[in-house]
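Worksheet: one structure, shown below.
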Amino acid sequence: MTTTAPGLTLALGSPDDTTRFAHALGGVLAAGDTVLLDGPVGAGKSFLARALIRSLQEIPEDVPSPTFTLVQTYHTRAGEIWHADLYRLGGPDEIDELGLSEAFDTAICLIEWPDRLGPLVPDNALTLRLDPDSGDEDARHARLRWRDPKWKARLERLRHD
Ligand SMILES: Nc1ncnc2c1ncn2[C@@H]1O[C@H](COP(=O)(O)OP(=O)(O)OP(=O)(O)O)[C@@H](O)[C@H]1O
Ligand SMILES: [Mg+2]
């Protein structure tokens, strides 16, 4: 018998909905949390990460997409945030070189193209998959899945805050 991971789905009807959701999610994250931002090119992974990071910054600064740098780090009210885009990762060896393995334990990590992590994907991560809507170009569907039970409580808080 296979058991499917628990999850929930959300309709994000506009970029503003995604921003609101990103702010709410940012409010329940702490050091040691990893969010895997999955979904196709242009789905809104960087958009969501940027909104989340900005909402936690004490001094607003630019949040560029880490397309070429692979990783950008930020000091925020919630501690250090690592924003990674692993699309151009050379190979699994680079994950350690970037310091990501350690950051999974010590920082909040937001990871685009998490499939590049292969077996190094943290067991305790929340997967947040974004997909475009077939009819409305400003709408997205978000699917959240997790195995670590800590996420159930976190996401409950998110719904009641
Ligand atoms: N509801 C929505 N939520 C998020 N972004 C949206 C939404 N509607 C439209 N958009 C637009 O979609 C684009 C998403 O681009 P973004 O760079 O975030 O994609 P991405 O998933 O990071 O792609 P890549 O895989 O290339 O890194 C932005 O231009 C954003 O304004
Ligand atoms: Mg991106």
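Assorted remarks:
- Charge dipole (Cα centre; +1 on Lys/Arg Cβ, -1 on Asp/Glu Cβ; no other charges) of the stretch 1-131 amounts to roughly 440 debye.
- Mean separation of Cα pairs under 8 Å and 6 or more residues apart, divided by the residue count, gives the chain a relative contact order of 34 percent.
- Positive-pole candidate from ILE95, ALA139, TRP113, dipole of the stretch 81-154, charges at beta carbon: ALA139
- Sum of -39500 (n - 2.57) over DSSP H runs of 4+, divided by residues of the chain (222 nm, nearest 500): -8500 deg cm²/dmol
- Spin-label model distance (nm) - TYR87 vs ARG157, 7 Å beyond Cα toward Cβ: 3.3 nm
- Solvent exposure of the chain, expressed per residue, is 53 Å² of accessible area, with all protein chains present and a 1.4 angstrom probe.
- Over the chain, the fraction of Cα-Cα pairs per 5 Å bin, rounded to whole percents and listed from the shortest bin up, is 2, 9, 19, 23, 22, 16, 7, 2, 0, 0, 0.
- When the chain is treated as a GNM with alpha-carbon contacts under 10 Å, the residue of HIS83, HIS75, HIS23 showing the greatest mean-square fluctuation is HIS75.
- Counting protein heavy atoms only, the chain has 51 percent of its accessible area on carbon and sulfur, 1.4 angstrom probe.
- Other residues whose C-beta falls under 10 angstrom from the C-beta of PHE68 contribute a net charge of 0, scoring Lys and Arg +1 and Asp and Glu -1.
- Legend: residues VAL35, VAL41, sorted from most to least accessible area (1.4 Å probe; ligands, DNA and RNA excluded), read VAL41, VAL35.
- Counting DSSP beta bridges with both ends in the stretch 9-160, the antiparallel % (nearest 5): 55 percent
The values are calculated or read from the model by the stated rules, or taken from the named source; none is laboratory data. None of these values were measured; they are calculated from a predicted model. No Cβ is skipped: glycine too gets one built from the backbone with ideal geometry, and neighbour counts run over all protein chains shown. Side chains included, ligands, DNA and RNA excluded: accessible areas come from the protein's heavy atoms. Shrake-Rupley method; radii C 1.70, N 1.55, O 1.52, S 1.80 Å.
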